[in-house]
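Contents: one structure, followed by commentary.
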Amino acid sequence: MSQVRRTLTDGRMFVAALPMSLVIRRALRRHRDLRELLAIVDAKAIRRPPRRWWGELSRAPVVVGWCFRLADRSCIGRSLTAYALLRRQGLKPSFVSGVASVSPRGTGLDGHAWVELDGTPLDPSDREVVSRFREILRHPERG
């Protein structure tokens with residue numbers, strides 16, 4: 001894909017992702033139950049017909065990251081936005097959250113959230129990291 005075309009498709013994706021990221025940020029402040037929030041995202045995605053996809057799926061984490069670059073680097077916000085963006089396209093991603101021990105004695109925990117498509121983390125940088133985390137939430141659950 002040419003650089004000009006990639007810039008245009010990234011721009012279209014950004015125009016869709018930015019308002020979605022603002023809604024997700026606001027919803028994260030109001031809703032403390034992540035499962036409830038994911039159910040709301042799913043319900044809204046089902047009510048709207050899928051839109052035409054803009055470009056490469058692998059670019060979605062990059063573009064969503066731009067939406068959070070200045071205000072919030074939260075993996076939960078980024079992952080929820082990417083999940084919502086993909087659901088709105090008619091795709092079936094999974095939102096996954098996990099914890100990992102950060103000390104040899106297991107006294108400290110680290111959390112992380114990511115989005116998977118067909119069982120593979122969407123963001124290439126997550127592919128290396130997620131093996132450290134024990135999954136505590138997957139939405140939708142594997143059937």
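The values are calculated or read from the model by the stated rules, or taken from the named source; none is laboratory data. Small disclaimer: the values here were computed from a predicted structure and weren't measured. Here the Cβ positions follow ideal geometry from the backbone for every residue, glycine too, while neighbour counts run over all protein chains shown. Areas reflect the complete protein model, heavy atoms only, side chains present, ligands, DNA and RNA absent. Shrake-Rupley method; radii C 1.70, N 1.55, O 1.52, S 1.80 Å.
Test THR81 against the criterion of being modelled with pLDDT of 85 or more and not aromatic (Phe, Trp, Tyr), and give yes or no. Judged against the criteria, THR81 is a match. Residue under question is ILE46, and the condition is that it be assigned to a helix (DSSP H, G or I), under 23 Å from GLU141 (Cβ atoms) and modelled with pLDDT under 85; does it hold? For ILE46, the condition - assigned to a helix (DSSP H, G or I), under 23 Å from GLU141 (Cβ atoms) and modelled with pLDDT under 85 - is met. Considered as a group, the residues in region 93-118 that are in a loop (DSSP other than H, G, I, E, B) and without any contact (Cβ under 8 Å) to a residue 24 or more places away in the chain include one that is nearest to ILE24 (Cα to Cα), and that residue is ASP118. Scoring LEU28 on the criteria (1) in contact with a Phe, Trp or Tyr (Cβ under 9 Å, 6 or more places away or on another chain); (2) touching a residue at least 40 places away in the same chain (Cβ under 8 Å); (3) within 21 Å of ALA60 (Cα to Cα) leaves a single failure, condition (1). When residues in region 96-116 are screened for being at pLDDT 85 or above, open to solvent by 30 Å² or more (accessible area, probe 1.4 Å) and among the aliphatic types (A, V, I, L, M), 1 of them pass. Got at least one residue in region 52-71 being exposed (fewer than 14 other Cβ atoms within 10 Å of the Cβ), β-branched (Val, Ile, Thr) and modelled with pLDDT of 80 or more? Within region 52-71, not a single residue is exposed (fewer than 14 other Cβ atoms within 10 Å of the Cβ), β-branched (Val, Ile, Thr) and modelled with pLDDT of 80 or more.
Of all residues in region 78-91, those that are surrounded by fewer than 24 Cβ atoms within 10 Å (Cβ to Cβ) have Cβ atoms under 6 Å from Cβ atoms of residues that are among the small types (Gly, Ala, Ser), 6 or more apart or on another chain, in ARG87/ALA45; ARG88/ALA45.
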